[in-house]
Amino acid sequence: MEMNSLGLIELTSIAAGMQAADIMLKTSQVELVISRTICSGKYMVLIGGDVAEVQSAVDAASDSLEFAVIDTFVIPHVHPDIFPALSGHPNIQELQALGIIESFSVASLIEGADAAVKAANVELLEIRLAMALGGKAFCTITGEVAAVTSAVDAGAMVIADKGLLVNKVVIPQPRKELLTEMI
């Protein structure tokens, strides 16, 4: 199965989240990427596959469980850096400039991270999703200062348009001690 698209549904209910995963998998030919509880009692289901199949699955779950939906997305032609960044284990030896984008929702953060890496020549290091973060999410990016600034601005704009931006930061020449926080 070609995974050129990602879809996500973020819900207020754990039971509805498990039901959403089942609906999505029964509705369309998609692959389950992540299905789990997240902080503050929420649940997220992230799927991948062909754009039309992912859209169909997200729509079916959203329509059936509208009462519990916090946010959803479908990202066609998702940037390939998103997948390893979701694994949460960045393999970095040295930071150039460090960009951080922080969001109140998992869905908006992944959309913002995708926009950021598509906007400039940067490396997406990690996407942390609502675990021990009070339901928030953030991503980290590195590269040259100008590129990181452009990427962070582009990603933050996507999140801000949804009213879910917590903060955005660009740190030129970060101290090497920050690496230990990120590994």
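Odds and ends about this structure:
- Within the stretch 1-33, if we keep just the residues that are polar (S, T, N, Q) and under 18 Å from the mean Cα position of the chain (by Cα), the residue that is modelled with the lowest pLDDT turns out to be 4.
- From the list 40, 28, 35, the lone residue that is on the phi > 0 side of the Ramachandran plot and not assigned by TED's automatic domain parsing to the domain that holds residue 176 is 40.
- Extreme residue, nearest to residue 15 (Cα to Cα), among residues of the stretch 56-75 that are assigned to a helix (DSSP H, G or I) and among the aliphatic types (A, V, I, L, M): 68
- Restricting attention to the stretch 1-14, the residues that are among the small types (Gly, Ala, Ser) and surrounded by 22 or more Cβ atoms within 10 Å (Cβ to Cβ) total 1.
- Residue tally, condition hydroxyl-bearing (Ser, Thr, Tyr), surrounded by 16 or more Cβ atoms within 10 Å (Cβ to Cβ) and outside any helix (DSSP H, G or I), over the stretch 15-55: 3
- Test: residue in the stretch 10-21 that is among the β-branched types (Val, Ile, Thr) and closer than 16 Å to residue 135 by Cβ: yes
- Residue check, residue 146 modelled with pLDDT of 90 or more and either assigned to a strand (DSSP E or B) or surrounded by fewer than 19 Cβ atoms within 10 Å (Cβ to Cβ) (or both): yes
- The numbered conditions (1) modelled with pLDDT of 95 or more; (2) within 24 Å of residue 14 (Cβ to Cβ); (3) not aliphatic (A, V, I, L, M) are all true for residue 53 except (2).
- Residue count for the stretch 34-73, restricted to those that are more than 20 Å from the chain's Cα centre (by Cα) and not small (Gly, Ala, Ser): 4
The values are calculated or read from the model by the stated rules, or taken from the named source; none is laboratory data. If you're wondering where the values come from, they're calculated on a predicted model, not measured in any experiment. Virtual Cβ from ideal backbone geometry, glycine too; neighbours counted across all protein chains shown.
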